[in-house]
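Let me begin by presenting the structure, written as structure tokens, before commenting on it.
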Amino acid sequence: MRTRAFRPVRQLLAATAVGGLVLAGLLAPVATATALVSNGAAPASDDLRPSEAAMPAVTTVLDRDGNPIAQLDEQYRIPVAIGAISPAMRAAAVAIEDRRFYDEAGVDPIGTARALVSNALGGAPQGGSTITQQYVKNYLINVVDRDDPAAQRADRADTLGRKIREAELATGLAHSMSKDDVLAGYLNVVEFSGKVYGVEAAAHAYFGTTAAALTVPQAALLAGMVNNPNLYDPYDHPEQAKDRRDVVVRAMAQVGSITPEQAAAATAAPLDVLPDGPVVPGGSCLAAAPDAGFFCQYAVDYLTKAGFTADRLATGGLTIRTTLDPAASAAAKAAVDANVPTRQDGVANTFAVVRPGHDGHEVVAMVANRNYGTDAAQGERATDVVAEPSNVFGAGSSFKIFTTAAALESGTAGFDATLPNPPSDCFTPPDANRRTACYPVANDATSYPDPISLQDALATSPNVAFVGLEARTGLPPVIRMAQRLGLRDSLASNDAGGTPVTDPADPRSTDPQYDQPQSQYFQNLLSFTLGVSPVSTLEMANVAATIQSDGVWCPPNPVESVTDRDGRPVAVPQQACEQVVAPGLAHTLAAGLSQDTVSGTSAAAARAAGWTRPDVGKTGTTNSSESVAYVGAVGGLTGYAASSMVFADGPHPQEICPGTPVHLGDCGHGAFGGTVAAPPFFATMSTLLAGTPDVPIPGPDPAYLQPGAHPTVPYEVGDVQAAATAAVTQAGYRPTTEPVASPRPAGTVVGQTPQGNVGPGTTVTLRVSTGPPG
């Protein structure tokens, strides 16, 4: 009994002692406070400044014209300086939270002592915290420990130790920061509700305005919410929210921040918050407009590969200006939606547009009839079906581009040569053993000439002629050509379109279709030129851009610039462009592809669309019409390259049938690249190029008219530096090296320019990995 009787006394004595410690801390030199908070238990006071970059802030994604297309955030926060916060908002916070804010030194000794004594004696809980202390507490919870629930619980714990720590930090801040900076830091860091943090975001979310324009009743509502965001939520608890707002208004009047007349008007005002709010923008690319979602996600993935962490993108307050052209994106989206409705069961139409160039290939549009989202019933897809090798059925005969380019480079065929083209044939893979069966191939029609010219073959696409050309050229050069021209990620995926399986516990890890990249899997499969492998729509568009760029490959780049929260440029590492084929070969290949819309497989669709421009084009149709494709380019270096693919994307793939709309079925005469995939190309390009003059396609280079050997620099990408240098030197070229950061092992050649047919004595730059960036 004696113990219980004396417990309040002991608690009072303890509280008085603690109050004395706090008071002593207020009178101690700043150095003492700094020493107390620098012992590893808490961040130094400098880390709590409102300008500290660690405070999570919204990253904004813009199109090339500066229009927002999405924002990325973990916490919806838009930090602002004190001058961008209305006087009403500042006054409301001070009046309700800390009336002595401008007089006390971080800790209010009177309020703190009173709260400690009351709490120790079992009275009603009292906070006693100043705005500076609340800034410290909220910064620890919402910034420093935002990813550590256990630490956040400690930050909220109702213990003397936590309060002393908080007071110590607040004392240090009071001596190192101005009152305005502390108040701005507090108003920027506090949580309102849900994902809304900071007064600027709250002004947007609740009132559709800015912090600078907040009125007295608006500011009072927000200031009152901070005490208990759930209880004083104006949507779920409007009466409690209004009562709390009016308490704040009366407090403002009591301290003289507003007149009695202003207070009366404010308490009489309705809450007047936005309907159905708070209105919080989506914090990822899933909230982007239908014509920008896939592009946005590709830009995020591109920056991630360039070394930007997910946390930096979501909390860094960056501004990402992309290369998305809103006119091109809108035109392409309208074209694919007209071709295949968004909710059409089991049929996707993906479309990508790339600008050619010698110094870069800008991506200007990435769309699909599908929208980027999570509701499959509404035709949405949550993976980037445009950038990833999502067309698992392949791009069909458009892969004949690679066989043609490899044959021209090696001299196996010339532009004026003819190709054997019987109605059917059976070819033995180049590296087959004597027990390997030949690969049977037949043309889709019986009217093909035999032999057939290379240009007519590219326009009309007979299978026998190209499988025969592939067999004579060799599969390794053909596959390597596909990589060089642009299929970097596609050929790194397995034959199911995913990452090669290496986990020995997975039974697929011993199945070549799953455990090998396509670049390895197809090394002896003559079906490669018929386009039966998973492929990226974006990468096929970039193949066409490489041809238009005189043989210069550049990574398909979606980012124009990145700046930090203070407007300073942020470097974005990018793989350098490469001359992957000789300009003359690119021109010859373009000339060979110039007849598809004139006399080839897309000619009828071109006429129906009124399309008469000179262009580069190649259609593709898989054997069972589960996928059809069109790859094309128009306008030279000032024009566009694009890829359109229509493929089965549901759990029960079938033949794709033409019609209005395009659909799955068993139509017996399935869709073709020229009839179903090409129309969106014509529609999009007709819109983008309206009023511009035609740009002719260059003629074939005389060096490639007839078969014959050409000087060729060894292709050394993937080899170690010493071996690559020796091989290039031995072949009569002058090697030079350039170090680059790369995920590949240090010392590995990861890039080379120029490649292909290069005159002896030319300097060849080998880009050698220094290891992963950072």
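The values are calculated or read from the model by the stated rules, or taken from the named source; none is laboratory data. Worth saying up front: this structure is predicted, and the values here are computed from it rather than measured. Methodologically, a virtual Cβ is constructed for each residue, glycine included, from the backbone with ideal geometry; neighbour enumeration extends over all protein chains shown. Accessible surface areas use protein heavy atoms only, side chains included; no ligands, DNA or RNA. Shrake-Rupley method; radii C 1.70, N 1.55, O 1.52, S 1.80 Å.
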Exercise. Using 0.36 nm per residue, how much length does the chain from D431 to T209 gain when fully extended, once their Cα-Cα distance is taken away?
Worked result: 72.9 nm
For this session: Sticking to Cα atoms, compute the Rg of the range 348-475 to one decimal and its Dmax as the biggest Cα-Cα distance, whole number, in Å.
Result: 19.1, 53
For this session: Just the Kirkwood number for the range 404-523, please: inverse of mean 1/r across all distinct Cα pairs, in Å, one decimal.
Result: 16.0 Å
Exercise. By a straight-distance test (C-alpha under 20 Å), which lysines pair with K179 as possible cross-link partners, with residues fewer than eight away in the same chain excluded?
Worked result: K137
Problem set entry | 5 angstrom amide H check on S561, placed H, neighbours 5+ away | R321
Exercise. In the range 470-589, what is the volume of the convex hull around the alpha carbon atoms, normalised per residue and reported in Å³?
Worked result: 137 Å³
Seminar exercise, completed: Counting sequence-distant residues (5 or more places) and residues on other chains, those with an amide H built under 5 Å from that of I452 are L419, N421
For this session: For every other residue with a beta carbon closer than 14 angstrom to the beta carbon of Q520, add +1 if it is Lys or Arg and -1 if Asp or Glu, then tell me the sum.
Result: -3
Exercise. Could you state the per residue volume, in Å³, of the convex hull enclosing the Cα atoms of the range 595-746?
Worked result: 224 Å³
Problem set entry | Radius 15 Å from Cβ of I697, net charge of other residues (Lys, Arg +1; Asp, Glu -1) | -3
Exercise. Is the range 274-377 rounded, prolate or oblate when judged by the Cα gyration tensor, a ≥ b ≥ c being the square roots of its eigenvalues, rounded requiring a/c under 1.5 and prolate requiring a/b larger than b/c?
Worked result: oblate
For this session: Would you mind computing, in nm to one decimal, how far apart the modelled labels at C667 and A81 are, each placed 7 Å from Cα along Cα→Cβ?
Result: 6.2 nm
Seminar exercise, completed: For S461, the accessible surface traced by a 1.4 Å probe with all protein chains present amounts, in square angstrom to the nearest 10, to 10 Å²
Problem set entry | Helix axis angle, 216-225 relative to the chain longest principal axis, alpha carbon, degrees | 90 degrees
Exercise. When only Cα pairs under 8 Å and 6 or more residues apart are kept, what is the percent relative contact order across the range 130-248?
Worked result: 19 percent
For this session: Give the dimensionless ratio obtained when the Cα radius of gyration of the range 471-531 is divided by 2.2 N^0.38 Å.
Result: 1.15
Exercise. So between R472 and R153, what do we pick up on full extension, going 0.36 nm a residue minus the alpha carbon distance?
Worked result: 107.8 nm
Exercise. Cα axis of helix 238-254 to longest principal axis of the chain: angle in degrees, 0 to 90, nearest 10?
Worked result: 50 degrees
Exercise. Hey, if we sort D566, D63 by accessible area with the 1.4 Å probe, largest down, what's the order?
Worked result: D566, D63
Seminar exercise, completed: Expected unfolding gain across A268-Q520 under the 0.36 nm per residue rule, minus the alpha-carbon gap, is 83.2 nm
For this session: Round to the nearest 10 and give me the degree value, 0 to 90, for the angle of helix 463-473's Cα axis relative to the longest principal axis of the chain.
Result: 90 degrees
Seminar exercise, completed: Rounded to a whole %, the carbon-and-sulfur portion of the accessible area of the range 617-730 at a 1.4 Å probe is 58 percent
Exercise. For labels at E738 and A604 in the simple 7 Å Cα→Cβ model, what's the distance in nm?
Worked result: 4.8 nm
Problem set entry | Calculated from backbone phi, Karplus (6.51, -1.76, 1.60) coupling profile of the range 396-408 in Hz, x at Gly/Pro | x, 5, 5, 6, 5, 4, 6, 5, 4, 4, 5, 5, 5
Exercise. For the chain, what is the relative contact order in percent, using Cα pairs closer than 8 Å and at least 6 residues apart in sequence?
Worked result: 12 percent
For this session: Please work out the Kirkwood hydrodynamic radius for the range 516-645, using every pair of different C-alpha atoms, and report it in angstroms with one decimal place.
Result: 16.9 Å
Exercise. Across all directions of projection, what mean area in square nanometres is found for the Cα convex hull of the chain?
Worked result: 43.0 nm²
Exercise. When ligands, DNA and RNA are left out and all protein chains stay put, how many square angstrom of accessible area per residue does the chain have with a 1.4 Å probe?
Worked result: 40 Å²
Exercise. Kirkwood Rh, the range 154-308, all Cα pairs: how many Å?
Worked result: 18.3 Å
